[in-house]
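Working notes, beginning with the structure itself.
The values are calculated or read from the model by the stated rules, or taken from the named source; none is laboratory data. Just so we're clear, the structure is a prediction, and the values are computed from it rather than from any experiment. So basically every Cβ, Gly included, is an ideal-geometry build from the backbone, and we count neighbours across all protein chains shown. Surface accessibility is based on the protein's heavy atoms, side chains included, excluding ligands, DNA and RNA. Shrake-Rupley method; radii C 1.70, N 1.55, O 1.52, S 1.80 Å.
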Amino acid sequence: MEKKNIDWSSLGFSYMKTDWRYSRIWEDGQWKEGGLTDKAEVTISECAGVLQYAQTGFEGLKVYETVKGEVVAFRPDLNAERLQGTCDRLIMPKISTEDFLAALDELVKANLAYVPPYGSGASLYIRPFIYGCGPVIGVAPAPSYEFRMFCTPVGAYFKGGVKPIRIMLSDFDRAAPHGTGHIKAGLNYAMSLYAGEMAHKLGYNENMYLDAATRTYVEETGGANFIFITKDGKKLVTPKSDSILPSITRRSLTVVAKDYLGLEVEERPVAFSEVPSFAEVGLCGTAAVISPVGEIHTKDGDIKVPSGMAEMGPVLTKLRETITGIQMGTVEAPEGWIHRIC
Ligand SMILES: *Cc1c(COP(=O)(O)O)cnc(C)c1O
């Protein structure tokens, strides 16, 4: 398959319209037959559930060309399962894992020319989502839904090497206890935009959010989970909380830490007061895999992470290399982690 004439090395993280997307409608109590469409626009009621009451959930995953030239997705079954959890919580109809994976395969095969070549650092980002498209004026679940999945090629997150970032401790909360912090809902992002803009204006990449009830424990950022490495370099610690979004990258990294690097892994509440005692701090998510944090700004002074602002610490570097090797096919993957599309 001939690739599109795209300068893969200059791609950022932005939307590029590709040739095909997958669409499937749920109405009259059931899913209709789905399929590909070349129409990138959607036409919905002005009173759609998504427009009035933000009834929408999404996913994000990447498709790569491996060293052997295969086109693969990283653990997409977990994205399917997480989307099912989001649908349950927002009273939307669920897509089975089987149907989700079939849609993914169909979408990617139709847009193969947009899959960035191995070694470019770029990848094909997949955006699946479900939203209420039917009209609702009284507060209630919408009468109809669309499941849609599109893709867009995205560049290497860090160009010219991984660089530590500065973040700030936010005065805002991301998610309430017993709320929707654990699902990938659009509403969680809408209400984080204000705090995100404030952080950017002050010169920080991201916000660190604490638990809303006590403001004592570390939760996550707007779109990535935290991992911490202890000073002896032997332990990975990651916050446990019911209001954190269960990152697939983070869940995979704990396995890589244990089984590939022989680290001890602790998933437990992490008090903010403990943060200065760690040697390395990382943010993990599909977009960047791991972003090293070099500094955390607080009103009571800045926390300088020992690994510093010049480069990523040694343990996070090993973790990152191992997991990206697994994704690219240069490191053997655990059973079931790599979904081959073609
Ligand atoms: C998507 C997301 C993450 C990262 O999850 P991955 O599955 O690793 O991409 C972390 N936090 C929030 C709030 C998210 O929405």
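The set of residues in segment 314-325 being open to solvent by less than 10 Å² (accessible area, probe 1.4 Å) and either modelled with pLDDT under 95 or under 18 Å from ASN225 (Cβ atoms) (or both) consists of LEU316, LEU319, ILE323. Residues in segment 21-44 that are among the hydroxyl-bearing types (Ser, Thr, Tyr) and open to solvent by less than 30 Å² (accessible area, probe 1.4 Å) were compared, and the one that is farthest from ILE126 (Cα to Cα) is SER23. Only one of the numbered conditions (1) over 27 Å from GLY161 (Cα atoms); (2) touching a residue at least 12 places away in the same chain (Cβ under 8 Å) is not met by ALA102, and that is (2). Tallying residues that are assigned to a loop (DSSP other than H, G, I, E, B) and either open to solvent by 40 Å² or more (accessible area, probe 1.4 Å) or out of contact with any Pro (no Cβ under 8 Å at 6 or more places or on another chain) (or both) within segment 303-313 yields 4. Among the numbered conditions (1) under 17 Å from TRP20 (Cα atoms); (2) within 15 Å of the ligand (Cβ to nearest atom), the only one that LEU83 does not meet is (1). For segment 180-278, no helices (runs of 4 or more DSSP H) sit wholly inside it while including 3 or more residues that are modelled with pLDDT under 95 and either within 12 Å of the ligand (Cβ to nearest atom) or closer than 28 Å to THR86 by Cβ (or both).
A single entry from GLY134, GLY85, GLY57, GLY138 fulfils the requirement of being without any contact (Cβ under 8 Å) to a residue 24 or more places away in the chain, more than 30 Å from SER9 (Cα to Cα) and not aromatic (Phe, Trp, Tyr): GLY138. The conditions of being among the aliphatic types (A, V, I, L, M), over 15 Å from GLU219 (Cβ atoms), assigned to a loop (DSSP other than H, G, I, E, B) and in contact (Cβ under 8 Å) with a residue 60 or more places away in the chain are met by ALA287. The set of residues in segment 252-276 that are open to solvent by 50 Å² or more (accessible area, probe 1.4 Å) and among the aromatic types (Phe, Trp, Tyr) contains only TYR260. Quickly run through segment 292-302 and pick out the residues that are open to solvent by 10 Å² or more (accessible area, probe 1.4 Å) and part of a strand (DSSP E or B). Residues satisfying the conditions are GLU295, HIS297, THR298, GLY301, ASP302.
Of everything in segment 68-80 that is out of contact with any helix residue (DSSP H, G or I) (no Cβ under 6 Å at 6 or more places or on another chain) and of a type outside the set (Gly, Ala, Ser), the residue that is nearest to the ligand (Cβ to nearest atom) is ASN79. When MET168 is tested against (1) assigned to a helix (DSSP H, G or I); (2) touching a helix residue (DSSP H, G or I) at 6+ places or on another chain (Cβ under 7 Å), only condition (1) is not met. Based on what the data block shows, is GLY282 surrounded by 20 or more Cβ atoms within 10 Å (Cβ to Cβ) and either part of a strand (DSSP E or B) or of a type outside the set (Asp, Glu) (or both)? It is true that GLY282 is surrounded by 20 or more Cβ atoms within 10 Å (Cβ to Cβ) and either part of a strand (DSSP E or B) or of a type outside the set (Asp, Glu) (or both).
Exactly one residue out of VAL136, VAL115 is away from the ligand (no atom under 16 Å from the Cβ), buried (at least 22 other Cβ atoms within 10 Å of the Cβ) and either among the β-branched types (Val, Ile, Thr) or closer than 28 Å to HIS178 by Cβ (or both): that is VAL115. When GLY262 is tested against (1) over 17 Å from the mean Cα position of the chain (by Cα); (2) touching a residue at least 12 places away in the same chain (Cβ under 8 Å), only condition (2) is not met.
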